[in-house]
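Have a look at the structure below before the remarks.
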Amino acid sequence: MSKNNREGVKHEIQELAMGNYRSYPEDYGVNVQDVSTNVQSLARGYWDSREIKEVDRDEKLGINLADYQEWTQEAFAAFQKTNENSLS
């Protein structure tokens, strides 16, 4: 998927987030009290670590930190749903 449109960037961020959720269950598991904080921190980390070309792309597409936060939260909701299904 192209990273030159909003949907492409959203997909990229959500794929990265899902990888983090799977790789670090101690930060995103069911028993973690600060999951919301961790998800928001992940979005902030993606936002802060962008390369210049990604900053330029995001500016052109009107993408802001709130979008990154929303997309990582959506990915987390999907991750939780998948984990619920695998536990039942």
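Give a residue-ordered list of calculated ³J(HN,Hα) values for the range 10-16 (Karplus: 6.51 cos²θ - 1.76 cosθ + 1.60, θ = phi - 60°; whole Hz; x for Gly, Pro).
4, 4, 4, 5, 5, 5, 4
DSSP loop trypsin sites (Lys or Arg not before Pro) in the range 33-78 with at most 15 other Cβ atoms within 10 Å of their Cβ, which ones? Kindly include the intermediate steps, with their values, before the conclusion.
On the way: sites: ARG44, ARG50, LYS53, ARG57, LYS60; in loops: ARG50.
Loop-located and lightly packed - ARG50.
Taking volume of the Cα convex hull per residue in Å³ as the quantity of interest, determine which of (i) 89; (ii) 110; (iii) 154 was computed from the displayed structure.
Recomputing volume of the Cα convex hull per residue in Å³ here gives the entry labelled (i).
Give me the one-decimal nm value for the distance between modelled label points at ASN4 and ALA78, 7 Å along each residue's Cα-to-Cβ direction.
2.3
Computed from the coordinates by the stated procedures, all read-outs in this text should not be read as laboratory data. Remember, predicted model here, so these are calculated numbers, not experimental data. Note that we place each Cβ from the backbone using ideal geometry, even for glycine, and neighbour counts take in every protein chain shown.
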